[in-house]
Each structure stands twice: as structure tokens, then as C-alpha cells.
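None of the figures in this text is laboratory data; all of them are computed from the coordinates on show. Keep in mind that this is a model prediction, so the values were computed, not measured. A quick note on method: Cβ atoms are made from the backbone with ideal geometry, for glycine too, and the neighbour counts reach across all protein chains shown.
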Amino acid sequence: HLYVIGSMIGSENVEAKKYIENLTEKIITTKMYSNTGNVAIDSVINYELSKAEKQDIKTNLNIVVPSGIQNDVENLVTIFGNLLDNAIEGCCRLTEEKQIFFRLIAEEALFLSIRNTSLPVTIQNGRILTSKPNKEAHGYGLGRIKYILDKFEGEYSFAYKDGWFVYAAEIPLNQQ
């Protein structure tokens, strides 16, 4: 969220931008992966994909979102940030073939699909069982995404098959 705010401030307030950069450990994306014209969408996608590039993860994007789309920015940042962060984390557990495919299309609805290479994951009762040692401290990101999608009457699904984890969601635009 701090990165999004920093992108929105731009060069208008140098002191505020510098303070935010310090809080985000001076991680600044110089490469533009997403350039929809929607500052919030672009900044979270650019930030996360710059992290992926630093981990030698190949990315493939298909983003078609009008700049004037009216969204609940905080919730979209939460969804995109969590899903991309999870995809990066899944890829980092691999030694080779690290890939993320990200698709975001806005037409009658906002359609999101993210697919990444991954070690096998266990899905039980609609939840992904964490493989991390401190299980009580993990697994909240997907729960938060589910809450947001339910709030907007969105649909979602996720699955693991043949070395790939896939998450897809659709949010009606009239619900945002």
C-alpha cells in the first residue's frame, strides 16, 4: 500500500515521497510491466513483478484495463498484491522453470487469472494447507481475498495440477 501511495504522490511532494521510499526500503521499480494509466493497478503490479524479476522468475502479462475504471483501489491492491506475492513465493521454492502468467481483463467484469509453477500444494475444504512451520501465522492472504470477492459478489476458483498453481477470479464491474 505504501508503494501505491508513493506512486500517486509522484514528484509533487518530495519529502513525503522520500519518507515513503524509506519505509518501503527504497524499493523502486524502474521497469514498467503494467501501464494501464491506473496508478494503483500499475504500481502494485510493477512492484510485485520487479520482485519476481530479481528472483529470476519469467513473467508473461496480458493486461487490458481502461485507465478510467472505477475500482475500490484498496481492495484491488490487496487482491493483486497477495496473489502475486503468493505466486512469487511458490516459484522461489523451485530450482528451475520459475514462471508466472498474469492476466487482467476488464470488460463486462474484471477478470483475473494468475498461474505459476509450483511444488505440489494440498487443497482441503477449499483451503490451501500451508507448508510453513508456523501454520497459525500464515494463510490469511487468501482468506482476505475470499472476503473481498464475496463482498463484491465475485467468483473465484483455484487448483493445482502438473506443477502449476492456478487462481482465477471474476468481479462484476457494477459491484465495485
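From the phi angles alone, apply the Karplus equation (6.51, -1.76, 1.60; θ = phi - 60°) to region 81-87 and give each ³J(HN,Hα) in whole Hz, x where the residue is Gly or Pro. Values, residue by residue: x, 5, 5, 5, 4, 5, 5 Hz. Taking other residues whose beta carbon is less than 13 angstrom from the beta carbon of S113, and scoring Lys, Arg as +1 and Asp, Glu as -1, yields 0. Computed over neighbours whose Cβ is under 13 Å from that of V166, the net charge equals +2, Lys and Arg +1, Asp and Glu -1. Taking amide H positions as placed 1.01 Å from N in the peptide plane, with prolines and chain starts having none, which residues 5 or more places from I57, or on another chain, fall under 5 Å of its amide H? Amide H neighbours of I57, under 5 Å, 5+ apart: none.
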